[in-house]
Structures are given as C-alpha cells and as structure tokens.
1. Do you know which of the residues in the range 14-31 that are crowded, with 18+ Cβ neighbours inside 10 Å and hydrophobic (A, V, I, L, M, F, W, C) is farthest from residue 76 (Cα to Cα)?
2. Against the definition (touching a helix residue (DSSP H, G or I) at 6+ places or on another chain (Cβ under 7 Å) and surrounded by 15 or more Cβ atoms within 10 Å (Cβ to Cβ)), how does residue 34 come out, yes or no?
3. Consider the range 78-99. How many of its residues are over 25 Å from residue 6 (Cα atoms) and either of a type in the set (S, T, N, Q) or outside any strand (DSSP E or B) (or both)?
4. Report the residue count in the range 44-65 for those that are hydrophobic (A, V, I, L, M, F, W, C), over 10 Å from residue 21 (Cβ atoms) and either in contact with a Cys (Cβ under 9 Å, 6 or more places away or on another chain) or in a helix (DSSP H, G or I) (or both).
5. Need the failing condition index for residue 78 against (1) surrounded by 13 or more Cβ atoms within 10 Å (Cβ to Cβ); (2) in contact (Cβ under 8 Å) with a residue 12 or more places away in the chain; (3) in contact with a helix residue (DSSP H, G or I) (Cβ under 6 Å, 6 or more places away or on another chain); (4) farther than 21 Å from residue 132 by Cα, just the number.
6. Would you point out which residue out of 92, 105 is of a type outside the set (Lys, Arg) and at positive phi?
Amino acid sequence: MSRTNVQTAAAQVEAFNRRDLDAQVSGYADRFTMTDRARGTTLTSRDEVRSWMREWLSVSSDARVTVREVHDAGDVVVSVLAMEGTHDGPMGALPPTGRRFTIEGVQILRFDDEGRIVAHDNFFDQLSFLVQLGVIEPPA
C-alpha cells in the first residue's frame, strides 16, 4: 500500500502544477481533515480544499510546487516541498507586489487502509514568504 501512497502524494503536486484541482482532491477519503498550520485553518471537504488552492493560485498565477524529498512511512507520507512563483494577485488586503518568492514547507499525508488521504497537514514558511514580498522586515 505504501508505494501507492507515495504515488498519490506525488499526483497531488502534479495536479496542482497542471491546475487540475479536481484531480488534486481526488485522493481524499470521504471524511478527512486538511490543516494549513501556518494560517490555523482546517478544511473538511473537497470543495473547501479546491477553494483554498484557488486562493493560492489567485495570489500567484504562476505558482509551482517541487518535491524536494519524500519520506515513506507506510500509512504516512512526508514530503518536503518548495513553492515558487510571482505575487501577482491580491492576498487579502495586501495588493500584488510583483515580487518573486520561493518558500519551503512540509506536507504530511495520512492514509487509510484503502489508500485514501484522511489527514493532510501543511507547514509552510510564511515568514520567509512575507519577507520576500517586502511586507515585513527580516528578523535581526
């Protein structure tokens, strides 16, 4: 089952890069949680996850994710990811800066016995993101 889980994790990233949000959420179980740890947001439906992804794409229309490392632990797959793009759309009240960014993060996917995602935790470096956009000064 584990190799299939790794393939599902990779397929999620590939679907994001193709902008195929339906394919991206196709690996989720009927009941799951997806948590954006940096923003303190938990999603529980495929529609919510699609909306979350659309939000990212509206902030950076050319955003791409690269898998740097994958750690296969059977029913858990941990991926170290890098996202890069241009801040060319509004992010809440923040207007587009036109600046390029590269941020790194970790995605932890937990799978059920049928190989469906039941928990998805994202940890991305929001501090570096905001520094690269020029929104905040880097810490001393």
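1. Of the range 14-31, the ones crowded, with 18+ Cβ neighbours inside 10 Å are 15-16, 21, 24-25, 27-28.
With hydrophobic (A, V, I, L, M, F, W, C) added as a condition, the list becomes 15-16, 21, 25.
On the way: 15: 20, 16: 20, 21: 22, 25: 17 Å.
By that ranking, first place goes to 21.
2. Working: touching a helix residue (DSSP H, G or I) at 6+ places or on another chain (Cβ under 7 Å): yes; surrounded by 15 or more Cβ atoms within 10 Å (Cβ to Cβ): yes.
Yes; evaluated as a whole, the condition is true for this residue.
3. Final tally of qualifying residues: 12.
4. First, pick out the residues of the range 44-65 that are hydrophobic (A, V, I, L, M, F, W, C): 49, 52-53, 56-57, 59, 63, 65.
Narrowing further to those that are over 10 Å from residue 21 (Cβ atoms): 56, 59, 63, 65.
Okay, now just the ones that are also either in contact with a Cys (Cβ under 9 Å, 6 or more places away or on another chain) or in a helix (DSSP H, G or I) (or both), so 56, 59.
Looking only at that region, the number is 2.
5. Failing condition for residue 78: (3).
6. Working: 105 fails: at positive phi.
Exactly one of 92, 105 is of a type outside the set (Lys, Arg) and at positive phi, namely 92.
Readers should treat all values here as calculations from the given coordinates under stated rules, not as data from a laboratory. Quick caveat, the model's predicted, so the values are computed rather than measured. Cβ: placed from backbone, ideal geometry, glycine included. Neighbour counts: every protein chain shown.
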